[in-house]
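K.L.:
Input: one structure, supplied below.
Readers should treat all values here as calculations from the given coordinates under stated rules, not as data from a laboratory. Because the structure is predicted, anything quoted here is derived from the model rather than measured. Here the Cβ is made from the backbone with ideal geometry for all residues, glycine too, and neighbour counts use every protein chain on show.
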Amino acid sequence: MRFRDRLLSETRESISHSGRCALPEEGLPEPLARLWDDVHRAVEESCRRFGETGDIQSGIEYLRKRYVSEKLDGPPRFDSESVRLAYAVSYHPAHAFAYLHLLMRRGLGQVIFGDLVSPPKVLVLGAGVGAETLASLRWMSAVETRLVAGSRFVLVDRAAWETTRASVLAPTVRELWTQHKFVFDEVTSDLSSQQGLDFLREECGHADVIFCPSVISEMISEHSQNQMMEVIHETINRRAKLVLIDHKDPEFEHVSRQWARRFTVLSDGATPGVIIPQPTAWVRSHLLDGANHRIPTKSYPMAWSVLKAR
C-alpha cells in the first residue's frame, strides 16, 4: 500500500491511543511520550506483518556493523525491505524522539519554524523513514498548529522507502493529516549524482526549511558533500533555514564549521546525550534482544547547526 493510500485508509491498522505499548519515561512531556508510543506501535505492527523476523535481525546486525565501518566501506545500502525495516526498528524511533526533544526542549522548533507566517515547504534530504518529518509535524501540532494545514514535506532519498513509510510513518501522522491535509511528496534520487544535483537546483529555491540530517555524513564518506553544499548555497531562498543535524562527533563539528563559512549561523549546539526510552517488550524480545549487536539505543549525543543565506 502506498503512502497516500495508507493515509486514506480507514482500517484498524491506523494508530489507536487506547493504551501504551511502549515504555516511555515517567514525566516525559505528552508530545514526546505519545510520539514514542505511536512510533513503536507502528514499527511493531509492520514487523509482525512482514513476518520474517530473522531477516530483520540480520538487517539490524548489518546496519550496526556497517555504520561502524562507514568511513572505510561507505554507507549502508537499503535495497531490501528487511534492511529498511531493520532501520525502522533500530534507528527511526530514537531519531524521531531525539529530534522532537531538540525541537521542544532546546528551542530549535522556534528557531526553525517560529517566524514563518504561512505553512512551510520542507525539503528533507536523506529522509529515510521520515524521522525529521514526524518530529516537525508533532512540534507544529503542539506549538504552532497554524503551520500544519497546507504544509508540504518533500522526502528525498536514494533508496526507495515508499513501502516502509506507508507501514511505519503513515500511521503516526494519519490523525494529523485527517485534520489538516498537509502534503507529502516522495522523491527517489541520489543527491551525489547529476540528476540529484539538478533536482536540488530546481527545488531548493522554493523551500522554507531544508533538513540535512545524516545525508551529510554519507556524502562525506563518498567525497560528494562539497557539490551539494555549492548547489544549496547557490539556490537557497534567502529567507529559508538550512538545518544540519546528526550525531555529535568531530566530523560533524568540522562539517558545520565548513558550512558556516558560507552561511549565517542562527543557532548551533550539542547535547551529550538525549536519553532514549526502551522499545516495546515485543521488539526487545524478538528484534533488539541484545545478541549480535542487536542492542537498543539508550542515548544519542546530538549536534545541530541552523543556517540561512547571507
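K.L.:
With r as the distance between the Cβ atoms of D55 and Q110 and R0 = 35 Å, compute the FRET efficiency 1/(1 + (r/R0)^6) and round to 0.05. Don't jump to the answer; show the numbers that get you there.
P.N.:
Details: r = 42 Å, r/R0 = 1.20.
The calculated FRET efficiency here is 0.25.
K.L.:
What dipole magnitude, in Debye to the nearest 20, does the chain give about its Cα centre under +1 on Lys/Arg Cβ and -1 on Asp/Glu Cβ?
P.N.:
600 debye
K.L.:
Could you go through the stretch 67-75 in sequence order and give the Karplus-derived ³J(HN,Hα) for each residue, using 6.51 cos²θ - 1.76 cosθ + 1.60 with θ = phi - 60°, rounded to whole Hz, and x for Gly and Pro?
P.N.:
Working through the residues one at a time gives 5, 5, 9, 4, 5, 8, 9, x, x Hz.
K.L.:
Okay, moving on. Can you work out the PRE-style zone for T145? Point 7 Å along Cα to Cβ, and I want the residues of the stretch 166-196 with backbone N under 16 Å.
P.N.:
The answer is 175-182.
K.L.:
Follow-up question, since we're still on this one. Please go through the stretch 258-300 and write out the trypsin sites (Lys or Arg not before Pro) that DSSP classes as loop and that have at most 12 other C-beta atoms within 10 Å.
P.N.:
Counting only loop positions with at most 12 other Cβ atoms within 10 Å, the trypsin sites (Lys or Arg not before Pro) in the stretch 258-300 are R261, K298.
K.L.:
Here's another thing I want to ask about it. Residue by residue, what Karplus-based ³J(HN,Hα) values in Hz, rounded to whole numbers, does the stretch 167-180 have, using 6.51, -1.76 and 1.60 with θ = phi - 60° and x for Gly and Pro?
P.N.:
Rounded to whole hertz, the list is 8, 9, 7, 3, x, 7, 10, 4, 4, 5, 4, 4, 7, 10.
K.L.:
Another one. Go through L137, L108, V187 and say which Cα lies farthest out towards the positive end of the charge dipole of the stretch 27-308; charges sit on Cβ, +1 for Lys and Arg, -1 for Asp and Glu.
P.N.:
In the stretch 27-308, that residue is L108.
K.L.:
Could you check what % of the DSSP bridge pairs in the chain are antiparallel, to the nearest 5?
P.N.:
Working: 16 of 34 bridges.
If I count the DSSP bridges inside the chain, around 45 percent turn out antiparallel.
K.L.:
To continue, here is another question. For I276, list long-range residues whose amide hydrogen, built 1.01 Å from N in the peptide plane, is under 5 Å from its own amide hydrogen.
P.N.:
For I276, whose amide H was placed from the backbone, the distant partners under 5 Å are S299, Y300.
K.L.:
For R152, which sequence-distant residues (separation of 5 or more, or a different chain) have an amide H within less than 5 Å of its own amide H, given hydrogens modelled in the peptide plane?
P.N.:
K121, V122, V183
K.L.:
Collect residues whose amide H, placed 1.01 Å from N in the peptide plane, falls under 5 Å from the amide H of R294; neighbours closer than 5 in sequence don't count.
P.N.:
none
K.L.:
Here's something else I'd like to know. So what's the net charge close to N237: Lys and Arg +1, Asp and Glu -1, counting the other residues with Cβ under 10 Å from its Cβ?
P.N.:
It works out to a net charge of +4.
K.L.:
Please list 3J(HN,Hα) in residue order for the stretch 279-288, calculated via the Karplus relation 6.51 cos²θ - 1.76 cosθ + 1.60 where θ = phi - 60°; whole Hz, with x for glycine and proline.
P.N.:
Karplus-based 3J(HN,Hα) across the stretch 279-288 equals x, 5, 4, 5, 5, 5, 6, 9, 10, 9 Hz.
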